[in-house]
Structure formats: structure tokens, C-alpha cells
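None of the figures in this text is laboratory data; all of them are computed from the coordinates on show. All figures in this text were calculated on a predicted structure; none of them were measured in a lab. With ideal geometry, Cβ positions are generated from the backbone for all residues, glycine too; neighbour counts draw on all protein chains shown.
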Amino acid sequence: MSSFISKILIKTVTAGLLTTALLSSCSKNNDDKADYIFLFIGDGMGSQNVALTESYLSYKAGKIGGEQLCFTTFPCYGMADTYSANFAITCSAASGTAIATGSKTLNRNIGVDAEGNPVKSIAYELQEDDYNIGIISSVPLNHATPAAFYTNAGKRYKYYEIMKSLPQSGFKFFAGSGFIKYFGKDNKEQSSAEYLRENGYNVCFSEEEFEKADKDGKIILCQPYNKESEPANYDVGGPQPEGHITLSRMVENALELFSDKKPFFIMCEGGEIDWAAHSNKVMPTVKSVIAFDDAIRVAYEFYKKHPDNTLIVVTSDHETGGASLGTGTGHRESIGWAYLDSVYTANNSTNRLTDEENRELNWKANIGWTSEDHTGGAVPVYAIGKGAERFCGRMDNTEIKAKILAEEPCK
């Protein structure tokens with residue numbers, strides 16, 4: 001045999017062995033999900049909302065651009081389609097269900113597939129694998145996105161029924177603003193807090209109550225100012241009531257409760273991004289994205305201590321508002337952040353602006369909006385940690401569950 005042929009055979013065998021080793025490693029990793037999993041969902045947060053926020057951060061830093069949020073520095077980046085089973089533009093119930101269960105469903109449906117059959121969320125599957133489960137939101141816990149992870153109620157507006165299904169989950173920790181359809185002393189039904197307490201949960205309405213709670217039990221943490229009533233629509237942009245618990249603090253509370261001694265899954269929603277964008281209000285949208293990013297920073301600090309077995313995924317259920325850096329015709333070079341800052345500071349709360357004043361404010365600041373509702377474009381996906389490479393590239397929102405569970409081949 002010539003030396004030339006021998007060299008070819010050696011290279012071929014070596015390449016084959018290397019390929020086999022890589023495939024074997026990939027196959028092993030497919031069944032190896034992270035021990036500590038964070039899924040952050042920015043309700044209504046499309047790429048445009050992220051661009052707005054980073055433009056504002058750059059202005060505050062005295063630059064044209066270049067400043068980044070924590071999650072946009074993550075190494076893996078993808079885009080997820082958001083359409084529902086019956087519309088190109090989804091609602092939060094359908095998209096939340098798609099992310100949580102891997103199944104498309106009809107708009108306004110929650111926890112069921114397009115035929116109305118119950119579907120299991122990722123939270124239940126991980127609980128069966130002995131993970132602690134935490135569901136967190138800046139808005140009511142029986143709203144569409146958080147509810148998609150624990151209910152099979154069918155319709156998103158069955159708020160009281162959704163609340164009543166929460167104890168069936170047995171999840172260790174919930175945190176949010178409270179519950180829609182609270183029901184008080186003058187109603188036939190029990191209040192949400194009474195019902196949940198009778199069915200195994202310690203319902204806390206302050207940090208102090210949380211600190212005193214039995215950490216071996218199941219806990220629900222709500223905003224203190226919603227103790228005797230249901231949460232109002234969100235006054236985004238204005239000063240928060242006394243005792244307000246930030247989204248980042250809720251994540252810290254979850255980590256304090258869980259520690260790193262047992263696997264956990266935490267879903268955290270930044271819900272008020274959607275409400276601010278529905279109103280086409282720039283600064284509340286920006287401030288809401290920043291608050292969401294602050295919560296992600298808490299998870300990132302945890303990741304830095306456990307980089308080999310932590311996964312953080314950040315995405316959105318849909319985009320709201322269709323915001324843009326620039327509006328109208330002609331070439332206008334700058335975004336009026338200084339102008340926006342001065343107006344919002346003077347008003348102290350965006351709710352003091354009329355719709356007409358808000359539209360004029362957007363125009364003068366060179367910020368455009370195409371809608372006061374959801375839009376149908378793909379949303380960004382950011383990931384870091386164990387298995388993060390699965391989230392690079394284009395995907396459907398129904399694939400996110402399988403990617404987190406490491407049920408598909410690595411790239």
C-alpha cells in the first residue's frame with residue numbers, strides 16, 4: 001500500500017472517530033437539561049421595544065448608541081414566530097400556552113390545544129422531575145401569561161376559576177401584584193386570599209409577611225396595596241405605592257426560598273411592558289423594560305455562580321405597539337430623549353397626559369407607533385448557560401419548551 005493511500009485512510013478513520021465522538025457527546029447532552037432554569041417573558045416586548053430602551057440608556061450615558069441591557073449581551077440569539085392557531089396576530093393566552101406547553105391554540109384560549117384538550121405545561125413536567133417551581137409576574141397571577149403555566153381553564157377571562165385552579169398545581173412559590181376578580185366581603189364568593197389559604201398556601205402581602213412565612217410550605221407573595229381589593233390597571237411610569245415589591249426583588253425572594261440545593265424552574269413575566277406599549281407611551285415602556293432587565297440581572301448573578309448547570313432564556317409572547325426610532329416623513333436625525341425626560345418628570349405620571357398630548361409627545365420626540373394593540377412579527381430570544389446554543393436561529397414559540405427540556409439535538 002502506498003504511503004499516500006495510507007495517509008488518506010488514517011485521515012478518514014480519524015475523522016470518523018472524531019465525528020462519532022461528537023455525535024455521542026451531542027446525544028448525551030440531549031437528555032441533560034439544566035438544574036436551574038429561568039424563563040423570562042417580556043409581555044409585549046419586541047425588538048423595537050428593546051431598541052427604544054437601549055437608545056434611552058445610550059442617551060443617559062451621553063452617547064448616540066452602544067449601551068446594552070443585561071440580556072442583550074447573552075451569547076445566543078434567535079427569533080420566535082408568535083402566530084396562534086387561528087390568527088396571524090396572537091393574544092397573550094395563546095402565546096403563553098404555546099411557550100408553556102408547546103401547543104398552538106386559539107386566541108383567548110389558555111391551557112388547552114386548538115381542539116380544547118388540556119395540555120401540560122413545562123412547569124408540571126419539571127415538577128414531576130422533582131424541580132421546585134416558581135411563577136412570578138409584575139401583573140395579576142391569574143392573567144394569561146402566568147396562568148398558562150398552571151391552569152387548563154380553557155378561556156383566559158375565567159379569572160376566578162383560574163385562581164381556584166392554582167392550588168391544584170402544588171407549585172412552591174408564586175409572586176405577583178394580586179388577583180383579578182378578588183371578591184370581597186360583600187360578594188357571595190370567597191376572596192382569593194381566603195380561598196388560597198384554605199387550600200394550602202400562605203398568602204403574604206408584604207416582604208415582612210414573606211420573611212415570617214414557613215419556608216417549608218407553599219407561598220404566594222402579593223403587593224401590599226392589593227390586600228383588600230383586586231389590582232387596578234397599571235399606572236406605569238408614575239411613583240409606586242408604599243411597600244411596592246419590585247420584580248427583581250420577587251426573583252430574589254424565589255432564590256432565597258429555593259437556594260441551590262435542589263433543581264428549580266422560575267418563570268418570570270414583565271407584564272406591564274405590554275400595557276405601556278398598548279398606550280403608546282414611550283417612557284413607561286422604557287422604564288418597564290429596564291425593570292424587567294433588573295430582574296434578569298438577579299438571575300445572571302446566580303448564573304455566574306453556577307455557570308455549568310444554569311440556563312437563562314429571555315423572550316416575549318408577542319410585540320405590542322409597533323414602536324420605531326423615527327416617525328413621519330423626511331430625515332430627522334435625533335431622538336428627543338431630553339425632551340421626553342423633561343415632560344415625564346414635570347408630569348410625574350404618564351396618566352396625566354391626554355391621548356392627544358401623548359401623540360404630540362411621540363411626534364416631537366421622533367418616536368413612531370403603528371398600533372395600539374399587538375403586532376404579528378417574530379420576537380427575540382436570548383439565552384445563556386447550559387443548552388443555550390439551542391436557542392440560536394429561527395424557531396416557533398412552540399419549540400421553546402422542548403429546547404429548555406433538552407429534547408432536541410444540539411447544534
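Just a few scattered comments:
- Residue exposure sequence - THR246, THR345 - by fewest surrounding Cβ within 10 Å: THR345, THR246
- FRET efficiency estimate (nearest 0.05) - Cβ-Cβ, GLU407 to SER206, R0 51 angstrom: 0.80
- Amide hydrogen neighbours beyond the local backbone of ILE367, cut-off 5 Å, H modeled: GLY326
- With helices as the sole contributors, the chain gives -11500 deg cm²/dmol at 222 nm; each DSSP H run of n ≥ 4 counts as -39500 (n - 2.57), and the sum is divided by every residue.
- Alpha-carbon radius of gyration plus Dmax, which is the widest Cα pair, for the chain in Å: 23.0, 96
- Listed by chain and number, the lysines whose alpha-carbon sits under 26 Å from that of LYS386, ignoring those within fewer than 8 places in the same chain, are LYS28, LYS33, LYS120, LYS172, LYS261, LYS262, LYS304, LYS305, LYS401, LYS403, LYS411.
- Legend: ranking of residues MET395, MET250 from fewest to most surrounding C-beta atoms inside 10 Å; resulting order MET395, MET250.
- Helix runs (DSSP H) in the chain reaching 30 Å along axis by Cα, Kyte-Doolittle at least 0.5: 3-30
- Taking label points 7 Å from Cα along the Cα-to-Cβ direction, TYR157 and ASN117 give a separation of 2.8 nm.
- Once the C-beta distance of ARG297 and ASP32 is scaled by a Förster radius of 30 Å, the resulting FRET efficiency is 0.70 to the nearest 0.05.
- For LYS364 and ALA338, the difference between the fully extended length at 0.36 nm per residue and the C-alpha to C-alpha distance is 8.3 nm.
- Eligible lysines near LYS287 by straight Cα distance, threshold 19 Å, same-chain separation 8 or greater: LYS60, LYS63
- Sequence-distant aspartates and glutamates (8 or more away, or on other chains) whose Cα lies within less than 15 Å of LYS104: ASP81, ASP113, GLU115, ASP317, ASP396, GLU399
- Computed packing ranks the peptides 301-307, 161-167 as 161-167, 301-307, most packed first, by mean other Cβ atoms within 10 Å.
- SER47-ASP216 FRET efficiency (beta carbon distance; Förster radius 30 Å; 0.05 resolution): 0.10
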